[in-house]
Amino acid sequence: MSKKWTYLFTEGNANMRELLGGKGANLAEMTNIGLPVPQGFTITTEACTQYYEDGRQINDEIMGQIMEYVAKMEEMNGKKFGDLKNPLLVSVRSGARASMPGMMDTILNLGLNDDVVAAMIAGNPDPKFERFVYDSYRRFIQMFSDVVMEVGKKYFEQLIDNMKEKKGVTYDVDLTAADLKELAEQFKAEYKKQLGEDFPSDPVVQLKEAIRAVFRSWDNPRANVYRRDNDIPYSWGTAVNVMPMVFGNLNNESGTGVAFTRDPATGEKKLMGEFLVNAQGEDVVAGVRTPMPIAQMAEQFPEAYKQFIDVCNKLESHYHDMQDMEFTVENKKLYMLQCRNGKRTAQAALKIACDLVDEGMKTEQEAVAMIDPRNLDTLLHPQFDAAALKAAKPLGKGLGASPGAATGQVVFTADDADAWNQRGEKVVLVRLETSPEDITGMKAAQGILTVRGGMTSHAAVVARGMGSCCVSGCGDIVMDEANKKFTLAGETFKEGDWISIDGTTGNIYKGQIPTVDAKIAGEFGRVMSWADKYRKLKVRTNADTPQDAKKARELGAEGIGLCRTEHMFFEEDRIAAFREMICSDTPEEREAALAKILPYQQSDFEQLYEALEGCPVTIRFLDPPLHEFVPTEDEDIRKLAAAQGKSVEEIKTLIDSLHEFNPMMGHRGCRLAVTYPEIAKMQTRAVIRAAINVQKKHPDWKLRPEIMIPLVCEVKELKSVKKDVVATADEEIANAGVQLAYEVGTMIEIPRACLTADEIAKEADFFCFGTNDLTQMTFGFSRDDAGKFLNAYYDAKVFENDPFAKLDQTGVGKLMEMAIKLGKAEKPSLHIGICGEHGGDPQSVAFCHKLGLDYVSCSPFRVPIARLAAAQAAIADK
């Protein structure tokens, strides 16, 4: 028995999405519940996969089954392909298992040729019918040429415009049958001119080519980009639906429409949609003519409208979700061509979920499971005004690294961003790449645009933490930092020019686009409370400032999973003392310099503890290599030399000596604490003193500071640093005459740490996976440079997405699993979390739930996303 590659609509159902795609499964389901669906068949997603395996060919077995099913379809509909008396015309449409609107191809009116057209007209002398036939024919030639044979649309559109001009009319509908007949001839001539062969007249050849084109469109550039953005695997493939045509363009008793059972923008429970008389579906979507609101359909087609309202109610109560439907009326008779769960804004998703629970259609768990966590991003950040955005054309595109919308005047340095902001100007900071000392400028800017760097570059991580908009890695920008200008798509931008960037899509626009502020509605709190009820994973935040920590608490964070202390060293008053420490020659000089920073660090930690109100706070000790802290400008170098009583040359020599060939794998993390124990001791004093002071102020809070030693690869390393930390902490606690529990743990971010996690667990109270570094070291490529070649990897299908944005579950995930097993076996009390950027990615959160982690930690604005994703993972488990 050969494999089944084709299914009639009567043979499928809604649960067969993986095989029949979303559209095919829903057509089958609508057939099963008795709705008026033109009866055809679906070619499975497996046939698509087979097409690619066979070198982009449809093999004989599949083609044989397709022809068998064409015969069944002919029998069911009482019409025949290519028949002159009763010809069968079909549409050929794509349908993947996840909705991908507009990303793949459709062909309508297939089966027409000169003979069929002549026979149809001969059988119906009505001149309006003749016009309809020629209209359908010219549409088919145009669509087939464009979609199947890849002759550009523009050639045909030019011919239509010429014809309208010649006849002095504005709309296609005003062209007569004779005009359309002439157009069909012109189209066929254009086809021959472009391809050197006649337009195919055999309907079987037309069908075979159309099916191939739909399979081929699964791999077109726009589908590939959409899949990457929406986590749809390439391996899924698309199904193909072949069904008899119903004609909305038959006459004025016919029409076509698209409708939603609820408002997709607000979620309000009312029918929304558009209808066009005497038109085909593509006309509504393409916006060729302005359609009328769906309610007006009641006046022109009262019976069909009444039936359509019944269908809407039936579909909503069947699917228990808002439906997006396409339908056609032919001679006043209604036909349903598609239904699917409608795409909606985040605001609408929350409202619909709550309403469906109130209407008794969904349980709380089902309501939580139906919301796409990634959509919540848009609720928390300013967005561009929708109408203004529609009218704007992007000049270029980078990576949408941190969501939101920003419009401002271009500046090129962090100092300028700060200065302009002080004057009340709105700015967008444009840099080749950002570094930690740019932090003040990044805070001052509305948004950040970088030429280099990926989703986990410095700019991206910091912007997400602050909730600022960021577009990174726009390699098309030609930067001229020295002259404060850059060029993109032939446009030159100088300092002070207006630019707008969209951190969700990565699009870059010239000029100002108005923005609207984010609104968090009441439904947000309600859905979040359900999510919190069902999730097992705790959600913490990555926060380095009290402002970030407060924001994260407002958004539901249950602690800090990562406080990066180095960000605190870059403030003006501290950096001088820290540079002094770097230039010191003896431990005593280093201690004296660090003593100046101690009160600042202590005050920072006190404010963080206050903001977290007794929730756990994990403080990572100094991580970056020292060269990141030394001055680069001559003026700053002179200042440092004067302060240190050294010559400029001596300071320059010292700075050169700190330069490393591969700083990410260089003298950083716990290696600094091993070389300069003074640093870890100072940080320990600050952590413990701050905790003692805050505990005294709030006796009811249970403070238990968590000290995290970064970049450990060997247990003896951790032991050496921990010895200094414990001795210093215990001395501080004894001097204060108080009791205070604290923990010392480590970040697991080097493959060797995963492999020896049982050894490391002997010395650690907790593990926290730093998956940014763990990904970098496991793959062996730098996260700041990977952007240069990842696109080639996507095109070659080597990778489907950026491993720094989506946790690599097969490689990095296996290391994590091993570390958890080894660590917990050695120390069952070990608590384990993740604090890389992956902590806010829904798929990665689900994986962390599966691994049995205690918490995920992510940037403040991703906390709601992680809460929702954690709940969905727990609900899916059940």
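Listed by chain and number, the lysines placed with their C-alpha closer than 19 angstrom to that of Lys510 are Lys390, Lys393, Lys397, Lys426, Lys484, Lys485, Lys494; residues fewer than eight positions away on the same chain are left out. When DSSP beta bridges are restricted to pairs lying wholly in the chain, around 60% turn out antiparallel. With a/c under 1.5 counting as rounded, go ahead and sort region 398-463 into rounded, prolate or oblate using the C-alpha gyration tensor (a ≥ b ≥ c being the square roots of the eigenvalues; past the cut-off, prolate if a/b is larger than b/c, else oblate). Prolate, since a/c reaches 1.5 and a/b exceeds b/c. All distinct Cα pairs of region 766-878 go into the 1/r average, and the inverse of that average, the Kirkwood radius, is 14.8 Å. Of the solvent-accessible surface of region 545-595, computed with a 1.4 Å probe over protein heavy atoms with every protein chain present, carbon and sulfur atoms account for 45 percent. From the Kirkwood radius over Cα pairs of the chain, Stokes-Einstein at 25 °C and 0.890 mPa s returns a whole-number translational diffusion coefficient of 80 µm²/s. Between the beta carbons of Thr10 and Asp229, assuming R0 = 30 Å, the FRET efficiency works out to 0.25 to the nearest 0.05. Across every pair of non-identical alpha carbons in region 1-41, the mean reciprocal distance, once inverted, gives a Kirkwood radius of 10.2 Å.
Estimated purely from DSSP H runs of n ≥ 4, each contributing -39500 (n - 2.57), the mean residue ellipticity at 222 nm for the chain is -14500 deg cm²/dmol once divided by its residues. For region 648-729, the percent of C-alpha pairs falling in each 5 Å distance bin, counted from 0 to the bin holding the largest distance, reads 3, 13, 19, 17, 15, 13, 11, 6, 3, 2, 0, 0.
Put a plus charge on the Cβ of each Lys and Arg, a minus charge on the Cβ of each Asp and Glu, and nothing anywhere else: the dipole of the chain about its Cα centre is then about 1420 debye.
Count charges around Leu8 for me, please; just the other residues with Cβ under 13 Å from its Cβ, Lys/Arg as +1, Asp/Glu as -1. Spell out each step's value before the answer.
On the way: positive: Lys4, Lys72; negative: Glu11, Glu68, Glu74, Glu75.
For residues surrounding Leu8, the net value is -2.
Contact order, relative form, for region 98-212: 34 percent (alpha carbon pairs under 8 Å, 6 or more residues apart, mean separation divided by residue count).
Beta bridges from DSSP with both residues in region 385-490: antiparallel share about 40 percent, rounded to the nearest 5. Rg over Rh for region 39-95 works out to 1.04, using Cα positions for both radii and the Kirkwood form for Rh.
Within the shell of other residues whose beta carbon sits under 12 angstrom from the beta carbon of Ile575, the net charge comes to -4, with Lys and Arg scored +1 and Asp and Glu -1.
Summary of the geometry: region 60-93 and region 768-801, compared by the centres of their Cα atoms, lie 48 Å apart. Pairs of alpha carbons in region 229-366 separated by more than 24 Å make up 37% of all such pairs.
Once you order the gyration tensor axes a ≥ b ≥ c over the Cα atoms, which shape class does region 362-409 get: rounded for a/c under 1.5, otherwise prolate or oblate by comparing a/b with b/c? Prolate. Taking the centroid of alpha carbons for each part, region 370-385 and region 386-412 are 16 Å apart. Ordering 86-95, 858-867, 228-237, 606-615 by mean Cβ neighbour count within 10 Å, with the highest value first, yields 858-867, 86-95, 606-615, 228-237.
Taking the Cα centre as origin and putting +1 on Lys and Arg beta-carbons and -1 on Asp and Glu beta-carbons, what dipole magnitude results for region 421-527, to the nearest 20 debye? Could the numbers behind the result be given before it?
Details: 12 positive and 13 negative charges, 49 e Å.
Dipole size: approximately 240 debye.
Kirkwood-type hydrodynamic radius, region 710-787: 14.0 Å, calculated from all non-identical alpha-carbon pairs. Taking label positions 7 Å along the Cα-Cβ direction at both Ala98 and Ala734, the computed distance is 5.8 nm, reported to one decimal.
Taking the longest Cα principal axis of the chain as reference, the axis of helix 842-851 is set at about 60 degrees. How much of the accessible area of region 1-110, probe 1.4 Å, is carbon plus sulfur, in whole percent? Within region 1-110, the accessible surface is 47 percent carbon and sulfur. Each principal axis of the Cα cloud of region 1-84 was taken in turn, and the coordinate range along them, longest first, works out to 39, 38, 23 Å. Spacing of the modelled spin labels on Glu299 and Gln57, each 7 Å from Cα toward Cβ, amounts to 5.9 nm. Computed with a 1.4 Å probe over protein heavy atoms only, the accessible surface of the chain comes to 41 Å² per residue.
Averaged over residues, the count of other Cβ atoms within 10 Å places the peptides 386-395, 636-645, 670-679 in the sequence 670-679, 636-645, 386-395, highest first.
To put it simply, the accessible area of region 379-526 at a 1.4 Å probe is 49 percent carbon and sulfur. Comparing Cα centroids, region 534-580 and region 441-472 end up 16 angstrom apart.
The values are calculated or read from the model by the stated rules, or taken from the named source; none is laboratory data. This is a predicted model, so every value here is computed, not measured. Neighbour counts run over all protein chains shown; Cβ positions are idealised from the backbone, glycine included. Note: accessible area is taken over every heavy atom of the protein model, side chains too, but ligands, DNA and RNA are not part of it. Shrake-Rupley method; radii C 1.70, N 1.55, O 1.52, S 1.80 Å.
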